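The values are calculated or read from the model by the stated rules, or taken from the named source; none is laboratory data. In this text, all values refer to a predicted model and were calculated from it rather than measured experimentally. Virtual Cβ from ideal backbone geometry, glycine too; neighbours counted across all protein chains shown.
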Amino acid sequence: MELNTSILEKKKFRAYLEILGTSLAWALSAVLLKMYIEQVPPYHLLTGRFVIATIFIFAMRPNTVKAINKENLKVGIPLGFFIFLAYASGIVCLKYTTASKSSFLVSLSVLFVPLIESFMRRKLPSKWIFVSVIISILGLRLISGMDGTGYNIGDTLAILSSVFYSIYIVLMDRTGKDIEEMILTLIQLGVVSICGTIVLLFYEGLNFQYFKIILIPIFVIGILCTGMSTLFQTRAQKVASSESVGILLLGEPLFTTILAFIVLKETILISGFIGGILILLSLVIAIIKKV
């Protein structure tokens, strides 16, 4: 029994590290996308990253396709659709708001996930979820005000992205744990690629010149920030609770703020640094208390 407990704890610790790695990858993608969002239409960026991510995951294990069955598709297709809705809202919002502010609003999943879970389970969140959420929301609020801008349509889209991704996290926790991670990752990425292509053709029209502009960054975003990060999160949620995933993903706005300051020269006030410290505190609580 002790041996099994030790193994489970090691798996949880690895899961937490993978989720934090996902947060860092998302932060990098937010900054890179913000750099090119004025030159390249959003759905070209979205479709490009997911097509590359799909090809990358397929190349890692081509035989995965043969192992896909109807039950896998029943689970993977809805999950992929909610990922698409989340990313589609998230990338368009970058046209209207800053990278650091959008990352705050998208990360509101830390609040939505435990609320959705509590509603579905018909019980109150644990005290440590409550403490972590309060600390992290306060930290995120401080970070969001660092650029001094007001509320705009981009902020609304970022909040919608957060809602869609919260639903995805909860669904993954409830339906995706029994499916092999490579299979589920490939299905999800494939669904987003198909949805993105359809929307791209309908709203923007396919233009390969745009892909030439973003050739190198889109490969980085596709492989590291989409393919690997989706695989990491899919695997991590097999052992980590949906609440802990939501809280640990709070690392993204902190990482995004730092990268946005260095690369994009976005404004940062002292409140941002205080907010970052609070976010780190919420992450420590999430890991130590294993929410």
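Observations on the model:
- Single condition Ile216 does not satisfy, out of (1) outside any loop (DSSP other than H, G, I, E, B); (2) surrounded by fewer than 21 Cβ atoms within 10 Å (Cβ to Cβ); (3) in contact (Cβ under 8 Å) with a residue 40 or more places away in the chain: (3)
- Answer residue from segment 58-86, given it is in contact (Cβ under 8 Å) with a residue 12 or more places away in the chain and not in a helix (DSSP H, G or I) and is surrounded by the most Cβ atoms within 10 Å (Cβ to Cβ) among those: Ile68
- Those residues of segment 15-27 which are in contact (Cβ under 8 Å) with a residue 40 or more places away in the chain and over 13 Å from Leu254 (Cβ atoms), in sequence order: Ala15, Tyr16, Glu18, Ile19, Gly21, Thr22, Ala25
- Residues of segment 174-199 satisfying the condition of being among the acidic types (Asp, Glu) and either crowded, with 21+ Cβ neighbours inside 10 Å or part of a loop (DSSP other than H, G, I, E, B) (or both): Asp178, Glu180
- Scanning segment 219-233 for residues that are surrounded by fewer than 24 Cβ atoms within 10 Å (Cβ to Cβ), of a type in the set (Val, Ile, Thr) and either in contact with a Phe, Trp or Tyr (Cβ under 8 Å, 6 or more places away or on another chain) or closer than 15 Å to Ser23 by Cβ (or both) yields a total of 1.
- Boolean, Leu189 is more than 17 Å from Ala30 (Cβ to Cβ), within 17 Å of the chain's Cα centre (by Cα), of a type outside the set (D, E, K, R) and at pLDDT below 90: no
- Residue in segment 200-213 that is surrounded by the most Cβ atoms within 10 Å (Cβ to Cβ), counting only those that are among the hydrophobic types (A, V, I, L, M, F, W, C) and not in a loop (DSSP other than H, G, I, E, B): Leu200
- Every listed requirement among (1) among the basic types (Lys, Arg); (2) within 18 Å of Glu181 (Cβ to Cβ); (3) at pLDDT 90 or above is met by Arg49 save one, (2).
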